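Structure record follows, encoded as structure tokens.
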């Protein structure tokens, strides 16, 4: 039974340093649904700062890093680019408060909403063109069908 507990602990691969649990990159990838490569890329870009390493050079992450990755995923889903996220990150690092970041985030989201509105208008115009073309083709088929009978 002790071996089973040991395996379970190894499967989680969480180590404790002081009172902060650390998570290895593979486990972080599983928990967030990101690839190991994506996590490393975000680290290279500077979206994840000060990632800790164990003595062997193995990267370990904290629950704060996991929350940050989930926030990045949310921003990405909302349409923000990595460059925009880096801009927000830079602002946060400078000011060290969300109070400075949130107005900028609202500005970015407003810009994306406007772009979506423009895109929807274009799509509605395209839909109308497709409907019109379809109608012309259907009428032509009916006319040709009547002419051959």
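Side notes on the structure shown:
- Cβ-based exposure ranking for 92, 42, in which fewest neighbours within 10 Å come first: 92, 42
- Full-stretch length increase - residue 81, residue 58 - with 0.36 nm per residue and alpha-carbon distance subtracted: 5.4 nm
- For residue 50 and residue 97, the difference between the fully extended length at 0.36 nm per residue and the C-alpha to C-alpha distance is 15.1 nm.
- Least to most buried among 44, 87 (fewest other Cβ within 10 Å first): 44, 87
- Where labels lie 7 Å past Cα in the beta-carbon direction, separation of residue 131 and residue 119 in nm: 2.2
- Each of 25, 106, 39 was scored by other Cβ atoms within 10 Å of its Cβ. Listed from fewest to most, they are 106, 25, 39.
- Segment 80-149: C-alpha gyration tensor shape, a/c 1.5 cut-off, then a/b vs b/c: prolate
Only the coordinates and a few stated rules stand behind these numbers; no lab work does. Not measured: the values here are computed from a predicted model. Every residue, glycine among them, receives a Cβ derived from its backbone with ideal geometry; neighbour counts consider all protein chains shown.
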